[in-house]
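Here the structure comes first, spelled out in structure tokens, and everything after it is commentary.
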Ligand code: SF4
């Protein structure tokens with residue numbers, strides 16, 4: 001399938017989602033895939049709202065891109081923060097870098113800083129959109145383009161699911177889409193600063209995320225595969 005056809009089909013899907021699942025939001029974490037979706041939504045389907053989660057631990061480069069994106073497209077991105085009482089309790093009990101201590105403590109941090117704010121961001125919505133791609137990780141190989149997200153109680157769409165990394169970057173270059181400066185410093189996947197690092201050419205895309213854990217546990221809880229059913 002050519003990139004042109006992939007783009008047309010993604011725009012058609014976004015329009016269908018906006019028509020049938022009003023209100024819908026796109027959860028933007030400012031990685032390369034999310035910037036493709038930002039461009040498609042801002043230029044073709046601006047009825048879809050854009051939200052983002054500020055975990056409080058993002059890279060400065062991500063904040064720079066957040067501001068640049070809003071200015072470049074003239075759009076409003078609604079940012080959700082973690083509840084301060086939960087962050088304060090976690091820090092008091094476990095310390096600032098507790099996520100390195102165990103998978104359980106890492107998941108607790110992700111729950112507080114990502115999962116709970118996402119639930120608030122999705123409250124009252126009929127669907128949400130993400131930039132997940134199948135080839136990004138073993139945990140994403142069985143995903144569907146459209147599935148019911150039982151954990152959050154609404155439909156979830158992954159319009160770029162079958163795009164390749166080359167197609168993502170082809171689109172970014174062709175359309176002059178702003179992107180995170182960290183991608184030029186060998187960060188293929190970008191999350192929170194303490195939990196993301198650059199990777200070598202021979203490593204896989206998600207090798208720089210939670211690098212001290214096994215590939216099977218590398219999800220933050222935003223994308224709970226086991227709880228999702230393929231759409232009919
Ligand atoms: Fe916490 Fe790291 Fe998860 Fe960010 S990625 S919420 S810092 S454990």
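Here are a few things to note about the model shown:
- Matching option when the condition is within 18 Å of residue 175 (Cα to Cα) and buried (at least 19 other Cβ atoms within 10 Å of the Cβ), among 74, 31: 31
- Residues that are out of contact with any strand residue (DSSP E or B) (no Cβ under 7 Å at 6 or more places or on another chain) and closer than 28 Å to residue 88 by Cβ do not occur anywhere in segment 137-145.
- Evaluation of residue 99 against (1) in a helix (DSSP H, G or I); (2) buried (at least 19 other Cβ atoms within 10 Å of the Cβ); (3) under 17 Å from the mean Cα position of the chain (by Cα) (one fails), failing number: (3)
- Residue list for segment 102-126, restricted to those being touching a helix residue (DSSP H, G or I) at 6+ places or on another chain (Cβ under 6 Å) and crowded, with 16+ Cβ neighbours inside 10 Å: 105, 106, 109, 112
- Tabulated pairs, segment 48-59, first within 21 Å of residue 123 (Cα to Cα) and touching a residue at least 60 places away in the same chain (Cβ under 8 Å), second near the ligand (Cβ under 8 Å from one of its atoms) and assigned to a strand (DSSP E or B), C-beta under 6 angstrom, 6+ apart or interchain: 55/192
- Residue count for segment 105-125 satisfying the condition of being away from the ligand (no atom under 11 Å from the Cβ), free of Cβ contacts under 8 Å to residues at least 60 places away in the same chain and in a helix (DSSP H, G or I): 2.
- Per the conditions (1) in contact with a helix residue (DSSP H, G or I) (Cβ under 9 Å, 6 or more places away or on another chain); (2) assigned to a helix (DSSP H, G or I); (3) at pLDDT below 95, the sole criterion not satisfied by residue 226 is (1).
- Restricting segment 34-59 to residues that are part of a strand (DSSP E or B) and within 16 Å of the ligand (Cβ to nearest atom), the residue that is surrounded by the most Cβ atoms within 10 Å (Cβ to Cβ) is 53.
- Filtering segment 200-218 to residues that are outside any helix (DSSP H, G or I), within 16 Å of the ligand (Cβ to nearest atom) and surrounded by fewer than 13 Cβ atoms within 10 Å (Cβ to Cβ) leaves 212, 214.
- Just one of the listed residues (62, 69) is under 23 Å from residue 32 (Cβ atoms), away from the ligand (no atom under 15 Å from the Cβ), surrounded by 14 or more Cβ atoms within 10 Å (Cβ to Cβ) and in contact (Cβ under 8 Å) with a residue 60 or more places away in the chain, namely 69.
- If only residues of segment 175-199 that are surrounded by fewer than 19 Cβ atoms within 10 Å (Cβ to Cβ) and either free of Cβ contacts under 8 Å to residues at least 40 places away in the same chain or in contact with a strand residue (DSSP E or B) (Cβ under 6 Å, 6 or more places away or on another chain) (or both) are counted, the one that is farthest from residue 60 (Cα to Cα) is 176.
The values are calculated or read from the model by the stated rules, or taken from the named source; none is laboratory data. If you're wondering where the values come from, they're calculated on a predicted model, not measured in any experiment. Note that each Cβ is placed from the backbone with ideal geometry, even for glycine, and that neighbours are counted across all protein chains shown.
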